[in-house]
Amino acid sequence: LLLPGLLLLGLAFLLPIFYVLSLAFEGEAGPGLGNFARFLGDAYYLQVAWRTIRLSLIITLISALIGFPYAYIAARAGRSLRLWLIVLLVLPLMTSVVVRTFGWMVLLTRNGLVPDVFRALGLAGRNFTLMQTEYAIVVGLVQVLLPFMTLSILGVVMKIDTRLEEAARTMGCTFLQTLRTVVLPLALPGIVAGSLLVFTLSVSSFVTPSLLGGVRIPVIAASIYDQVTQTLDWPFAAAQSTILLVGILLILAPYMKV
């Protein structure tokens with residue numbers, strides 16, 4: 001019974017990965033580590049890699065800070081209110097990421113709503129814009145990936161017995177102390193699962209960073225895309241993909257272990 005699923009996994013997932021790995025070691029003078037040495041020896045690509053990881057960590061942290069309170073409120077709300085909170089959370093997933101990203105472009109561009117508000121408050125100049133900045137990428141990806149974090153936490157928080165919170169309050173804990181000492185430790189599996197989802201999706205995201213960051217703020221996925229479509233250097237693109245995959249595994253493995 002496992003054979004059809006394993007066959008599909010091998011053809012659609014493992015075979016392409018092995019092909020990319022083999023392609024990464026190809027060079028003009030034969031197989032070798034030249035593509036990896038080119039990436040690790042170029043300050044530009046190292047900066048792109050560091051920016052990608054740094055932005056992904058920031059996006060994951062912000063998503064957790066927003067997702068945990070939202071999930072707790074939804075879990076402890078009444079059934080009808082919980083339903084509406086979940087609908088509001090899931091509804092953006094029904095819209096294409098491209099459409100949502102274009103919406104942020106309209107809001108963050110020089111004549112958009114957000115810069116107009118900043119200028120009206122005297123916090124920005126006439127030419128102020130958030131487009132093609134790291135702030136735009138963070139805002140866009142947090143909005144796109146927040147449901148994955150919140151739903152992961154919500155599934156765990158709903159299973160926490162409310163009597164544990166009542167016991168903590170009876171023993172003298174304040175509401176915030178109850179959240180910190182009872183709810184947060186028990187919700188940690190959901191936070192870990194949500195963080196893994198958000199980080200892996202953000203570090204490999206292409207559409208939103210490309211549209212909101214542009215060529216001024218490149219990330220690894222955009223760099224791989226440029227190598228494949230513009231310079232047609234597939235082995236170097238495969239090397240970048242391999243480095244991205246290994247980097248994600250090196251970061252996630254100890255995180256999952258802890």
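Odds and ends about this structure:
- Qualifying residue in region 53-72 (condition: in contact with an Asp or Glu (Cβ under 9 Å, 6 or more places away or on another chain), over 16 Å from residue 144 (Cα atoms) and of a type outside the set (A, V, I, L, M, F, W, C)): yes
Let's see how each residue does on (1) closer than 30 Å to residue 197 by Cα; (2) at pLDDT 90 or above; (3) within 18 Å of the chain's Cα centre (by Cα); (4) among the aromatic types (Phe, Trp, Tyr):
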residue: 111; (1), (2), (3), (4): no, no, no, no
residue: 118; (1), (2), (3), (4): no, no, no, yes
residue: 123; (1), (2), (3), (4): no, no, no, no
residue: 133; (1), (2), (3), (4): yes, no, yes, no
residue: 142; (1), (2), (3), (4): yes, yes, yes, no
residue: 152; (1), (2), (3), (4): yes, yes, yes, no
residue: 158; (1), (2), (3), (4): yes, yes, no, no
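- Pair list, Cβ under 9 Å, 6 or more apart: region 109-129 residue under 17 Å from residue 213 (Cβ atoms), other residue surrounded by fewer than 10 Cβ atoms within 10 Å (Cβ to Cβ) and of a type outside the set (Asp, Glu): 110/126; 110/127; 129/111
- Hits in region 87-111 - residues which are touching a helix residue (DSSP H, G or I) at 6+ places or on another chain (Cβ under 6 Å) and not aliphatic (A, V, I, L, M): 101, 104
- A single member of 258, 192, 198 is within 18 Å of the chain's Cα centre (by Cα), under 22 Å from residue 156 (Cα atoms) and open to solvent by 30 Å² or more (accessible area, probe 1.4 Å), and it is 192.
- Pairs meeting the criteria (first residue in region 63-78 and open to solvent by less than 20 Å² (accessible area, probe 1.4 Å), second residue assigned to a helix (DSSP H, G or I) and of a type in the set (D, E, K, R), beta carbons under 8 Å, at least 6 apart or on different chains) are 74/82; 75/82.
- Region 23-59, residues that are among the β-branched types (Val, Ile, Thr) and open to solvent by less than 20 Å² (accessible area, probe 1.4 Å): 48, 52, 59
- Search result, residues across region 203-238 that are under 16 Å from the mean Cα position of the chain (by Cα), among the hydrophobic types (A, V, I, L, M, F, W, C) and open to solvent by 20 Å² or more (accessible area, probe 1.4 Å): 206, 207, 211
- Qualifying residue in region 239-253 (condition: surrounded by fewer than 19 Cβ atoms within 10 Å (Cβ to Cβ) and either in a loop (DSSP other than H, G, I, E, B) or among the hydroxyl-bearing types (Ser, Thr, Tyr) (or both)): no
- Within region 165-189, considering residues that are open to solvent by 60 Å² or more (accessible area, probe 1.4 Å) and either β-branched (Val, Ile, Thr) or under 22 Å from residue 224 (Cα atoms) (or both), the one farthest from the chain's Cα centre (by Cα): 170
- For region 86-101, the criterion of being among the aliphatic types (A, V, I, L, M) and farther than 27 Å from residue 190 by Cβ is met by at least one residue.
The values are calculated or read from the model by the stated rules, or taken from the named source; none is laboratory data. Note that the coordinates shown come from a computational prediction; the quantities given were computed from them, not determined experimentally. Cβ sites come from the backbone with ideal geometry, for glycine too, and all protein chains shown count toward neighbours. SASA here: full protein model, heavy atoms, side chains in, ligands and nucleic acids out. Shrake-Rupley method; radii C 1.70, N 1.55, O 1.52, S 1.80 Å.
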